[in-house]
1. May I ask for the distance between the Cα centers of region 54-76 and region 112-160, given as a whole number of Å?
2. Ordering Lys111, Lys92 by how much accessible area each has at a 1.4 Å probe, largest first, what is the list?
3. Measuring from label point to label point, each 7 Å out along Cα→Cβ, what is the Ala222 to Glu155 span in nm?
4. Per residue, how much accessible area does region 138-256 have with a 1.4 Å probe, in Å²?
5. Residue by residue through region 196-201, what is 3J(HN,Hα) from phi via Karplus (6.51 cos²θ - 1.76 cosθ + 1.60, θ = phi - 60°)? Round to whole Hz and write x for glycine and proline.
6. Give me the distance in nm between label points sitting 7 Å out from Cα along the Cα-to-Cβ direction at Glu45 and Glu26, one decimal.
7. Inverting the mean 1/r over all pairs of different Cα atoms, compute the Kirkwood radius of the chain and quote it in Å.
8. Could you give the length gained on full extension between Arg133 and Gln211, defined as 0.36 nm per residue of separation minus the Cα-Cα distance, in nm?
Amino acid sequence: MRLGSAAALAVAGLLSCFAASAEADEIKVLTAGAFKPIVTAVAAEFETSTGHKLVIDNDTAGGLLRRIGGGEAFDVAVLTPAAVKDLVASGKIAAGTPVNLARTSVGVAVKAGAPRPDIATVAAFKTALLEARKVAYIDPAAGGSSGIYFSKLLETMGIAEPIRAKAVLVPGGLVAQRLVTGEADLAIHQISEILAVPGTVLVGPLPAEIQNYTVYTGGLAATSAGSVAGKAFLAFLQSDSARRILAEKGMERAPE
């Protein structure tokens, strides 16, 4: 599920070929929450260059896994590698089409203008959590990867009970919005999603010793495996234009 260097060099040619050989088509894209800012940001350029139209919907990785498993139609899906693997096994995503697109890490945010806590070390991060009035993060029950990881991390750090007692559990979407509304004064979420919320500030990533990376993998629906439009969009997500946007949105290219 990785993009080789030869394939990367061929992306531009693939896009030209697809655009020239296909009529305008509608592409339904289901994307896990952290990758939605990327899909949204590349949409205009892709639609202009190919004539195709994107219909974008998002959810947590767990939510999309349940929806697709339940029969929801789509053309391209971007989820975590484990979820994609399950969907290939169940025949929902076409084998041979998945490719790792990007990865993001977990960060800490505060409301713009608020004091920035020290999170440079694990001990400092632990203190920041304990001193916060309310801590917002994705509800693990919703299936969001950062929420699942953070919940387990609290157990490892030995502070699960005090933090959960003041947790603001978010069922999906942009956790940092809870800072803007005043519901929380500290937010833990994937950096790409923190940067998508005006009025908030990224304090920084989690300390390296406890950092967690989430990889996002794209694949074509089994029913759309022959779709020229779907292949064109998956190719576009591997282009130089998309990679520039990845960097702007707090993501990086997934390792080979």
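The values are calculated or read from the model by the stated rules, or taken from the named source; none is laboratory data. Owing to the predicted nature of the structure, the values given are computational and were not obtained by experimental measurement. Using ideal geometry, Cβ is built from the backbone for each residue, glycine included, and neighbour counts are taken over all protein chains shown. Surface accessibility is based on the protein's heavy atoms, side chains included, excluding ligands, DNA and RNA. Shrake-Rupley method; radii C 1.70, N 1.55, O 1.52, S 1.80 Å.
1. 28
2. Values: Lys111 95, Lys92 70 Å².
Correct descending sequence by accessible area is Lys111, Lys92.
3. Each label point is offset 7 Å from its Cα along the Cβ direction, giving 3.3 nm.
4. Counting only protein heavy atoms, the per-residue value for region 138-256 is 40 Å².
5. My calculation for region 196-201 gives 7, 10, x, x, 10, 10 Hz in order.
6. Between Glu45 and Glu26, the simple spin-label model gives 2.6 nm.
7. Values: mean 1/r = 0.0531 Å⁻¹.
Every distinct Cα pair counted, the radius reaches 18.8 Å.
8. On the way: separation 78, 0.36 × 78 = 28.08 nm, distance 2.31 nm.
Contour length minus Cα-Cα distance gives 25.8 nm.
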